[in-house]
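Here, each number is a calculation from the coordinates, and none is a lab measurement. Values in this document were obtained by computation on a predicted structure and should not be read as measured data. Virtual Cβ from ideal backbone geometry, glycine too; neighbours counted across all protein chains shown.
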Amino acid sequence: MRTGQGAVAAGMNEQAGAALVAALGPGVVINLAERADRRAEMAGELARLGLAVDGPAVRLFAAVRPAEAGGFPTIGTRGCFLSHLGVLRLAREAGWDRVMILEDDLDFVPDIAGRLPAVLSALEGQDWSLFYGGYGEVPAGERAGAGLVRLDPAAGVRCTHFMAVRGPAIGELVGYLEAMLARPAGSPEGGPMHVDGAYSWYRAAHPHRLTLAAVPPLGVQRPSPTDILGRPWFDRVGLLAPVVRLARGVKRRMRG
């Protein structure tokens, strides 16, 4: 039973989670069925905001595990691309006007509940099409409100662990990514590629679609063995795997 400050903090976190879903849309967590470790960690992250991974506001999406690379750099790269395309198709078919895409290695920053009100308030009223709550390097752009940056359409954004797509951009992206699948690798028009690159190509081709990013980020990638490039040898060796997991946990706690 929560009492005192704990109950107040829990209430604030739940309000922040509800506001996040209202602003960015239903959440969809991309997760491979065999990655129960990431599924559990993602459930813990969502619980911090009063959300459940299988609740009414957030659902799981079974990540695609293709049998071959099919023109992509790796099998994992293709799977990530197809998984994002699957989420966008889901949003289009469900008639959602926005969708929040969460990859299962997302960690919300420690102060997300305190920062969300200002960021979401700045986001409200802006005719945005793509929003990045997390990314690789800090993207360059013009300030667009408290904690928000308006990105140049030509500026690429690396990583897709925490993002949202809104309005007509959902359907446009479905068609854009499907067209990429139909082209050969290396096509000057845009063929199979990492999905973060595909989003950047779409943005460059649709400069009228506003992209905003939270700066500093609201979420970062959790230290975790990757499924994009294949697991390194030290994650596959039975005796070493627990040691590696412990080291990643320490790194995660040190980060905040």
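Data table
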{"item": "Amide H within-cut-off set for Leu148, under 5 Å, with H built and near neighbours excluded", "result": "Val215"}
{"item": "Centroid-to-centroid separation of the range 76-105 and the range 162-179 [C-alpha atoms, Å]", "result": "9 Å"}
{"item": "Other-chain or far-sequence residues with amide H under 5 Å of Arg59's (modelled H)", "result": "Gly27, Val28, Val29"}
{"item": "Positive-pole candidate from Gly133, Leu90, Met100, dipole of the range 55-197, charges at beta carbon", "result": "Leu90"}
{"item": "Cut-off under 5 Å, modelled amide H: who pairs with Arg98 long-range", "result": "Gly167"}
{"item": "Cβ charges +1 (Lys, Arg) and -1 (Asp, Glu), total dipole of the range 4-222, debye", "result": "160 debye"}
